[in-house]
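Note sheet for the following structure.
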Amino acid sequence: QVQLVESGGGLVQPGGSLRLSCVASGSIFSIYRMGWYRQAPGKQRELVATITSRDSTNFVDSVKGRFTISRDNAKNTVYLQMNSLKPEDTAVYYCNSRSPQRDYWGQGTQVTVSS
């Protein structure tokens, strides 16, 4: 079992920044990829960014150049730094971990971009 706890969401004005954190615990030794997904009201959940155990990263086109993903292995934490936020970034953001056996999900954190 893997437990994921997100934090860092909130309300921010367009053009602002937020940093999301995801702390992993439990059977983390088998995780080979961590990622962030988001789901806006009435839309399907979409992949935002991923980082592998070899620090290879991937981003959805809509956030390239604005978001970065990183990890601190000593703290078992993955971060999503979000800059130049837009209203269309408003969504619930979910942390994801991928192991050979299965995926795990956090409970989600709300990000609202509005003036």
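FYI, it's all coordinate maths here, none of it is from the lab. On a predicted model such as this, the values are computed, not experimentally measured, just so you know.
Odds and ends about this structure:
- Partners for K43 among lysines (Cα-Cα distance below 29 Å; same-chain residues under 8 apart left out): K64, K86
- Once the Cα-Cα distance is subtracted from the 0.36 nm per residue extended length, the R19 to S114 segment shows a gain of 32.5 nm.
- Antiparallel content of DSSP bridges confined to the chain, in %, to 5: 95
- The Cα center of region 1-54 and the Cα center of region 65-113 differ in position by 2 Å.
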